Amino acid sequence: MAASGGGNVAGIAKGILERLGLDKHPMDMAVNKLSGGEQAKLALARQLVGLNGIDVIFLDEPTNHLDIQTTEWLEDFMRTFKGAQLIVSHDRYFLDQVCTRIVEVDNLRAWPWKGNYSQFLKQKEASEASLGDMINTIEKKIQSTMGALSQMKRANKYDKSISAKHKMIERMQQELKALRARMPKKRKNLVFSIEATDKGSMDVLMIEDGTMTFEGLERPILKKQSLEVRKGDRIGIVGGNGQGKTTLLKIINGDLKLDSGVFDLAPGCEIGYFHQDHATLDFSLSPVEQIEKLRPDYQYGDIRAALGRFQFSGEQVTTKLSQLSGGERARVALLKLLLEENNLLLMDEPTNHLDMDSKDTLEEALINYTGSLITVSHDRWFLDQVVNRIWEVDGGNVKVYYGNYTDYVRAKKGLPPLAEDEISEI
Ligand SMILES: Nc1ncnc2c1ncn2[C@@H]1O[C@H](COP(=O)(O)OP(=O)(O)O)[C@@H](O)[C@H]1O
Ligand SMILES: [Mg+2]
C-alpha cells in the first residue's frame, strides 16, 4: 500500500485501516486469508490512501459489504476529497450524501442530471411529465394535419401544399417516435392490495423488562428492556452485526422466549414474517404455484403480473424454487408476504439482493400497508421511505428514536428534524 501516492502514506494508511477495522490483523497477513467483506474494505483502503496526489477517483460499488458506520465514515471522507469522483452505486442514500451530479445509463445512452439522487428523481419525474405533454401536443398536431390533408385530397387540391403536408406529418411522426423512445416504460399498477386484516387492537405488542441471553454468549442480547408497538407503527431496527436484531424479531414471532420479563402480543395479531433465509417458502413449488396456493382467487394473468412487479418473467416463473437463486427466492418470499392476510409484518433485511425496481415495488407496497411493520435493515434509503420509528439495538439496550433514518442520524448529532422542504437536500 505504501507505494501508492505521496506524502505521509504510512500514517494515512494506518489511519484508514484502523477506521475500516482492518488494523486487528497483522500488517503482513496474506490478503487471501481475509474474508470477502474484509477484502472489499482493503480494496477501498488502497484507493483512499493515494488520494493526496490524485485528481480523479473511480469507485465501483464502494459501499457493498460495508456496515453503516463505515459507510458514513466513507461519505465524510469522500465529501472532503477535492478531486473529481466517478461512482457506480446502488446505495441510494450514499449517492444522496456524496454526489453532485447523476448520470443515468439507459437505452444505450447516458443522460446527465444535476444534483444528488433525490434531486435526480424529482427532475426525472418533472421531465417525464413534460415529455408526456410534448407527446400529447404532437399527437394532436399530427391528427389535425392529417385531417386537413384528407380534406384537401377530397377537394382534389393536388398541389405543392399536399406534399408539404405529407413531409410535415412525416417529420412530426419521427419526432414523436424519438420522444416516445425517451419515455420510460410504464410499470403495471400494483395488482396486490396489501390491506391489513383489521382484527388487531390499538396495542399490538409490549415487552416489559425483557431480558434475553444465549447459552455460551457472555453478553446479554436484551438487558431489562421495555418496548411497545402500537397499531400502524413502522419500526426500523438498526444495529451492528450480532447485536440481536434477528433475535428480537424471533422473540416477537414467538420462536424464542425471554429469560425474564413480560412479552405480550395482542390477540388478533396476525404476523407475516420475512426470514433472512426464506424459511416460509415451499422449495418444491415454482413461483407461480407458490402464489396460486396462497391466492386461489387469482387469475393466471394476475399472478404473472404480480410476479412481474418483482422482475419475474419467462421460464423463471415455472422453475422450482429449489433451483432459483437466493435473490430470486427473496423476491418470491416478499411477494408471498404482501399477498398474505396479516396485520403485523416482521421483516429481516428485506432489501438485500433486490434490484432497484424491486425495492421500489416493495417500498410502495409497504408505504400503503395499513398494518404495523417491524423491519431490520441496513438500507438507509429504504428506512427513510417506510419507517417512522427507529429501534437502535446496542449492547443489550434498545433505544427508541422517533422519525425515519435521517431524523435518527440528526437526533444522534443533536440536530432538530429536517423541515419538509429541506428533506433530501445536501
Ligand atoms: N441460538 C443461539 N445460541 C447461541 N447464540 C446465538 C443463538 N442465536 C444467535 N446467537 C448469537 O446472538 C447474537 C445475536 O444474533 P442475531 O440476533 O442473529 O444478530 P443480528 O443483530 O446480526 O441479527 C450473535 O452473536 C449470535 O451469534
Ligand atoms: Mg440478523
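The values are calculated or read from the model by the stated rules, or taken from the named source; none is laboratory data. In this text, all values refer to a predicted model and were calculated from it rather than measured experimentally. So basically every Cβ, Gly included, is an ideal-geometry build from the backbone, and we count neighbours across all protein chains shown.
Cβ-Cβ contacts under 6 Å between residues 6 or more apart (or on different chains), taken from a first residue in the range 211-222 that is touching a residue at least 12 places away in the same chain (Cβ under 8 Å) to a second residue that is within 16 Å of ligand 2 (Cβ to nearest atom) and among the polar types (S, T, N, Q), are listed as I221/T247. Within the range 322-354, the set of residues being under 17 Å from R295 (Cβ atoms) and out of contact with any strand residue (DSSP E or B) (no Cβ under 9 Å at 6 or more places or on another chain) comprises R331, V332, L335, L339.
Scanning the range 357-379 for residues that are of a type in the set (D, E) and within 16 Å of ligand 1 (Cβ to nearest atom) yields one hit, D379.
So, in the range 25-46, how many residues would count as being part of a helix (DSSP H, G or I) and either among the aliphatic types (A, V, I, L, M) or at pLDDT below 75 (or both)?
Filtering the range 25-46 down to residues part of a helix (DSSP H, G or I) leaves 31-33, 36-46.
So of that shortlist, the ones also either among the aliphatic types (A, V, I, L, M) or at pLDDT below 75 (or both) come out as 31, 36-37, 40, 42-45.
Residues flagged as part of a helix (DSSP H, G or I) and either among the aliphatic types (A, V, I, L, M) or at pLDDT below 75 (or both) within the range 25-46 amount to 8.
Of all the criteria given as (1) touching a residue at least 40 places away in the same chain (Cβ under 8 Å); (2) on the phi > 0 side of the Ramachandran plot, the one not satisfied by G115 is (1).
Kindly evaluate G147 against the criterion of being within 16 Å of ligand 1 (Cβ to nearest atom) and either aromatic (F, W, Y) or at pLDDT 85 or above (or both). I'd like the intermediate steps shown before the answer.
Working: within 16 Å of ligand 1 (Cβ to nearest atom): no; either aromatic (F, W, Y) or at pLDDT 85 or above (or both): yes.
Answer is no for this residue.
Taken together, L265, L248, L222 contain a single residue that is among the aliphatic types (A, V, I, L, M) and either more than 16 Å from ligand 2 (Cβ to nearest atom) or touching an Asp or Glu at 6+ places or on another chain (Cβ under 8 Å) (or both), which is L265. Given the options L17, L48, L22, L42, name the one that is in contact with a Phe, Trp or Tyr (Cβ under 8 Å, 6 or more places away or on another chain) and in the same structural domain as I87 (by TED's automatic domain parsing). Step by step, each of L17, L48, L22, L42 is checked, and only L48 is in contact with a Phe, Trp or Tyr (Cβ under 8 Å, 6 or more places away or on another chain) and in the same structural domain as I87 (by TED's automatic domain parsing). Of all residues in the range 55-69, those satisfying the criterion of being surrounded by fewer than 18 Cβ atoms within 10 Å (Cβ to Cβ) and either touching a residue at least 40 places away in the same chain (Cβ under 8 Å) or charged (D, E, K, R) (or both) are D55, D60, E61, D67, Q69. Considering only residues that are more than 6 Å from ligand 1 (Cβ to nearest atom), part of a loop (DSSP other than H, G, I, E, B) and without any contact (Cβ under 8 Å) to a residue 60 or more places away in the chain, look in the range 238-257 and name the one that is farthest from the chain's Cα centre (by Cα). Applying the filter and picking the extreme gives K257.
Suppose we filter the range 27-47 for residues that are among the polar types (S, T, N, Q) and surrounded by 10 or more Cβ atoms within 10 Å (Cβ to Cβ); how many remain? Walk me through it before giving the result.
Kept after step one, since they are among the polar types (S, T, N, Q), are these residues of the range 27-47: 32, 35, 39, 47.
Narrowing further to those that are surrounded by 10 or more Cβ atoms within 10 Å (Cβ to Cβ): 39, 47.
Residues in the range 27-47 being among the polar types (S, T, N, Q) and surrounded by 10 or more Cβ atoms within 10 Å (Cβ to Cβ): 2 in total.
Of the listed requirements (1) within 29 Å of R219 (Cα to Cα); (2) surrounded by 21 or more Cβ atoms within 10 Å (Cβ to Cβ); (3) without any contact (Cβ under 8 Å) to a residue 40 or more places away in the chain, A411 misses just one: (2).
If we scan the range 171-194, do we find a residue that is among the hydroxyl-bearing types (S, T, Y) and at pLDDT 85 or above? If you could, list the steps in order and put the result at the bottom.
Keep residues of the range 171-194 that are among the hydroxyl-bearing types (S, T, Y), which gives 193.
Those still in the list that are at pLDDT 85 or above too: none.
The answer is no, given that none of the residues of the range 171-194 is among the hydroxyl-bearing types (S, T, Y) and at pLDDT 85 or above.
When you scan the range 333-345, do you find a residue that is within 16 Å of ligand 1 (Cβ to nearest atom), at pLDDT below 90 and of a type in the set (A, V, I, L, M), even just one?
To start, the set of residues in the range 333-345 that are within 16 Å of ligand 1 (Cβ to nearest atom) comprises none.
Checked against the condition, which is being within 16 Å of ligand 1 (Cβ to nearest atom), at pLDDT below 90 and of a type in the set (A, V, I, L, M), the range 333-345 yields no hits at all.
Say whether the condition of being farther than 20 Å from D360 by Cα and touching a helix residue (DSSP H, G or I) at 6+ places or on another chain (Cβ under 8 Å) is met by at least one residue in the range 117-130. Working first, answer last.
First, the residues of the range 117-130 that are farther than 20 Å from D360 by Cα: 130.
Now restrict to residues that are touching a helix residue (DSSP H, G or I) at 6+ places or on another chain (Cβ under 8 Å): none.
Among the residues of the range 117-130, not one is farther than 20 Å from D360 by Cα and touching a helix residue (DSSP H, G or I) at 6+ places or on another chain (Cβ under 8 Å), which makes the answer no.
Criterion first (among the charged types (D, E, K, R), out of contact with any strand residue (DSSP E or B) (no Cβ under 6 Å at 6 or more places or on another chain) and crowded, with 16+ Cβ neighbours inside 10 Å) does K250 satisfy it?
Numbers: among the charged types (D, E, K, R): yes; out of contact with any strand residue (DSSP E or B) (no Cβ under 6 Å at 6 or more places or on another chain): yes; crowded, with 16+ Cβ neighbours inside 10 Å: yes.
When the stated conditions are applied, K250 passes them.
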